[in-house]
1. Between GLU28 and THR63, what is the label-point separation in nm under the 7 Å Cα-to-beta-carbon projection?
2. For GLN98 and GLN128, compute 0.36 nm times the residue count separating them, minus their Cα-Cα distance, and round to one decimal in nm.
3. Report the gain in length on full extension from TYR115 to THR35: 0.36 nm times residue separation, minus Cα-Cα distance, nm rounded to one decimal.
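Just so it is clear, none of the values below were taken in a lab; they were calculated from the coordinates. Note that the structure is a prediction, hence the values are computed from the model and not measured. No Cβ is skipped: glycine too gets one built from the backbone with ideal geometry, and neighbour counts run over all protein chains shown.
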Amino acid sequence: MVVRGYVRGIVMSSPTNSIQTVTSLHLEAEVSRLTDLAQRIRDSGPVAPVNCWIEDYTVTRQTGPYHYKRVNSDRPQFGARGQARTLHLGKAGSPDHQDWQQRLKRRDALTEIDYRVGLIRQLMARQQSHPLWMPDPLP
């Protein structure tokens, strides 16, 4: 029986009360929406690895300091043979810097989506394993 967007399946019933398992169709729809959003993010471009971040650094020369950006990693993965831990991006706002900012935003968004989907699935599992007692409707 569907009532106000919820599917109700009776687990146990008696003349005075019933225990009903309730699974929200809205939760299932939200998982579907988040999964579609995650796919759109993946399709929009490359995603940064989990262990990378952008860092500022300064090079001081006779003509003064120069400020640059680089991607750092806690393990070697950059360079021709993947042996470097840093990747030079140039000055702030350079095309490489902007590209890596977008990669990091995609990674962070996918991490948040995975977290939210996990929470929703935990709630859906709890709804199934811990049914609610509900009084029978009045005649």
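1. 6.5 nm
2. Difference between extended and current length: 6.3 nm.
3. Difference between extended and current length: 27.6 nm.
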